[in-house]
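Heads up, the thing below is written out as C-alpha cells.
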Amino acid sequence: MLDNETKSRINTARDILVGKVPDPKSQVEQITIALIYKFMDDMDKEAVDFGGEATFFTGEYEKYSWTKIFDPKIGGNEMLNLYSEAIIKLNINPNIPQLFRDIFKNAYLPYRDPETLKMFLKTINEFRYDHSEMLGDAFEYLLSVLGSQGDAGQFRTPRHIIDFMVQVLNPQKSESICDPACGTAGFLISSYKHIVDQNTKKTKGDLLTPDDRKRMMQNFVGYDISPDMVRLSLVNLYLHGFITPKIYEYDTLSSVEKWNEHFDVFIANPPFMTPKGGIKPHKKFTVQAKKSEILFVDYMTEHLLPNGRAAIVVPDGIVANSPSAYKKLREYLINENILYSVISLPSGIFSPYSDVKTSILLFDKKLAKNSNNIFFLEVKADGFQLGSTRKPIKENNLPLTLDLLNKYKDSLLNNTEFITDIDTLNWHIVAKSTILDTPAVSLSGKRYKDDIHLNSPWPIINLDTQYLIELKEKVNQTISTVWSVSNTLGFIPSSDYFGKQVASDDIKNYKKILPNYLAYNPARINVGSIALNESDQIGCVSPMYVTFKVKDEQILNSKYLLLLLKSKMGIKQIRKFADGAVRQTLSFDNLKFIQIPLPPITEQERIVGHFIEIDRLQNLINEQNDEIKNEIISSWGVKEEEIELEEIIETDDLEVEE
C-alpha cells in the first residue's frame, strides 16, 4: 500500500523537475532512472550488511555508486558530471542484470543545472524500501501521472476499472495471461495481485508453491509497440517480483512472429485511434480492416485457447458503428460463440483526457456456447465524478455489476434459471438471433431496452416495407438541366422545402426527390431534418440522404407520418434505433423498428388538418410579434436583442395523443 509520505516525495521530485523537464513522460523517466539507481545501491548495501559482497557497483563502476555521488567532498558541478556520466555508462555495466541495463539504455540528463539536480537527488535519497513491492507501489503511483498518450489513442485505464475487469475474469495461478497493448503493465500487475490475494491464508501468497510462482513468472506476457512503454512495463513487473518479465517490443497488428502464441486470458485497453492512412495488417486476421480497435479485438479472439476468456475496453464504435468491418466483427463474436456480455461505461471514465464513450466486451468461449443470449449491463456511476476533476463520490455501480454478472455466469455454467432481486441496475438479456436481425448487428444495449410504450386506441404498426418504399434513383443529369426543370437544387426542412442550391455543383450522384416523397439525412435525423416534397417538381438531395414514400396513401397519410417522425416519441425512437457511436445514422432498414399508431385515414387527415391550422396560427403570432418588435424599436429606440416576446406555441413539441 502506497503511504502518503512516499507519495509526497514523488510529488516533490516532480515539482523540482517541472521547470527543467516539462514533459510528464520525461519526468517519469528521470524519476524511474533515479529510483532504480538508488534501489541497486540499496541492494548492494543490504548484501554487505548480511555478510556478502556488493554486486552492482564494483570494480571500475564502484565510483558510480549512489553513496559516492553523495560524497560531501564533491561540489555541485562534480555531482552533476558524475551522475550524468553514470546513467550513460550503467547501460554497459556487466555487473547488473540485462533488464536494468535496458532501463539505462539511451538514458541521459536533459538539463545542466547543479542546484536542480542536487535538490532532485536529495529527494530521491529520502526513499526507503524494505522490499521491492514497496518500490513497485510507488512506481505505480508515478506511472499514474502519465495520464494520457492521446496522439496514439492510448488512455491510462483508471485503477478501479482495471481491478474490476480483473475481478470479472478471476484469473487463476495456472493460467496464461496476455495484454497485447500493455502500456505500463497495469492489467498484468493487477492480475498478479489478484492471484496472490486468492492464494493467501496467513501471509501474502503463502498458498502458492515455488512451482506455482515459477509458472506465474512465465505465464504473464505483454506486448507494446512503444519502446518507452516496454521499459516502464519491465520496471513495473520487476518491482513486483518478476525477475525476468516477459514484455516484448512488438507490433501486435502488423507482425506475425508471435502469431502462434495462444493464451487462457486476455485483458486489455488497446489504442482507440488509428494512424493516418490506417494500419497495415497482415492477412491472418478473420476480419480484414485497417482500424486498430477492430484488429485488436480480432487478435484476441484469434489467440484465445478453446476455453479462453477476455475483458476488453473498446470505444463504442466497436459496439455500434455501421461500416461492414465493424458489422463483420460483431457477427463473428456472436456466431462463433465468443461474446457473452457487454458492459456500458459512463462517458467520463477517461476524463479529463478524453470524453470518449466506452464499453467492456466480455468473452468466454465456454459460457457463450451455453447461451443463446447476450447479457447487457450499464454502469452509470463508478465511484467518481464524471467531470474533469474525477473526485470520489458515494454512487458506485461496479460492486453490484460484478455481483449480478457472477450470478449470471453461475446460471450459465449450471444451466439454471437466472434469478436476481437486484433492481437498481440497468440490465437486460437479449437473444443473439434478435441482435443478428438488426441491420448493423448492433451491440448497443439501449437499442434493445423495452422503453417505448405507445398508448393508443388504434393499432400499432412497424414502418416496414409493407408501408414504405425506398427510392435510390440518381439524378444523372447536368446541373443546368436539373436547374431548369425544377429550379429546386437542394433540401431544407421548412415550408419552402426545396428552395436552396446544394453545396456542390457536381450532382450526378445525387438522389432524386420526387413529389410526395420524404427525405432525411440519416446522420442528422432529428426535429427539422426530415421533410416531405409537397411540390409537383423533382428535386435532388445529397447521396447520404434516405428517400422513401408511403406505399398506399389510403392506408398511411404522408403528412401524418411526417408529423409522427418529428414528434418527441418519433425522435426518441429514431435515436434509439440509430447505429453508430460518434456519428449516429438511421438507415432505411432501421425504419422497420419504429412504431406508430395507425388510425383510420379520415382520422389521420383530421390530425394533419389540426396541425396545419396550428401552424397557420403560429405564423400569425410570429407576424404579430415581428410587428410589435418593429414598433418598439422605432417608437422607443431600443435594440432588438433587448426585446423578449414569449412564444405562445411550439409546433415541434407537438405529440399526437388520444
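The values are calculated or read from the model by the stated rules, or taken from the named source; none is laboratory data. Bear in mind the structure is a predicted one, so any value in this text is a computation, not a measurement. Cβ coordinates were reconstructed from backbone atoms using ideal geometry, including for glycine residues, and neighbour counts include every protein chain displayed. For accessibility, only protein heavy atoms count, side chains too; no ligands or nucleic acids. Shrake-Rupley method; radii C 1.70, N 1.55, O 1.52, S 1.80 Å.
Laid out as a table, the results:
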| read-out | value |
| --- | --- |
| Of Lys214/Lys246; Lys365/Lys576; Lys173/Lys214; Lys366/Lys432; Lys73/Lys118; Lys45/Lys118, those spanning more than 19 Å from alpha-carbon to alpha-carbon | Lys365/Lys576; Lys45/Lys118 |
| Nitroxide proxy distance, nm - points 7 Å out along Cα→Cβ at Leu471 and Thr434 | 3.6 |
| Dimensionless Rg ratio for segment 163-267, taking C-alpha atoms and the 2.2 N^0.38 Å reference | 1.05 |
| Dipole moment magnitude, nearest 20 debye, segment 26-68 about Cα centre, only Lys, Arg, Asp, Glu C-beta charged | 160 |
| Inter-probe distance in nm under a simple model that places probes 7 Å from Cα toward Cβ, at Ser8 and Lys380 | 4.1 |
| Extension gain (nm, one decimal) between Gln288 and Asn370, 0.36 nm per residue minus Cα-Cα | 26.7 nm |
| Among 292-302, 558-568, 542-552, 408-418, the order from most to least packed when residues are scored by Cβ within 10 Å on average | 292-302, 558-568, 542-552, 408-418 |
| Mean Cβ neighbour count within 10 Å, used as a protection proxy, ranking 47-58, 226-237 highest first | 226-237, 47-58 |
| Segment 292-395 - accessible surface per residue (Å², probe 1.4 Å) | 36 |
| Gained length - Ser388 relative to Tyr141, 0.36 nm times residue gap less alpha-carbon distance | 87.0 nm |
| Efficiency of FRET from Cβ geometry, Asn406 and Glu627, R₀ 56 Å, rounded to 0.05 | 0.25 |
| Share of carbon and sulfur in the accessible heavy-atom surface of segment 544-611 [1.4 Å probe, %] | 56 |
| Distance in nm between pseudo-label sites at His610 and Asp212 (7 Å out along the Cβ direction from Cα) | 7.2 |
| Shape of segment 304-357, Cα gyration tensor, a/c cut at 1.5 | oblate |
| FRET efficiency for Gln172 and Gln554, using Cβ-Cβ distance with R0 set to 51 Å, rounded to 0.05 | 0.15 |
| Residues of segment 551-566 with amide N under 18 Å of a point placed 7 Å along Cα→Cβ from Asp464 | 551-552, 556 |
| Under the Karplus curve 6.51 cos²θ - 1.76 cosθ + 1.60, θ = phi - 60°, whole-Hz ³J(HN,Hα) for segment 222-229, x wherever Gly or Pro sits | x, 10, 7, 7, 8, x, 5, 5 |
| Greater than 22 Å apart at Cα, pairs in Lys327/Lys592; Lys446/Lys511; Lys290/Lys327; Lys394/Lys446; Lys327/Lys474; Lys328/Lys551 | Lys446/Lys511; Lys394/Lys446; Lys327/Lys474; Lys328/Lys551 |
| 18 Å Cα-Cα reach of Lys25 towards lysines, excluding residues that sit fewer than 8 places from it in its own chain | Lys7, Lys105 |
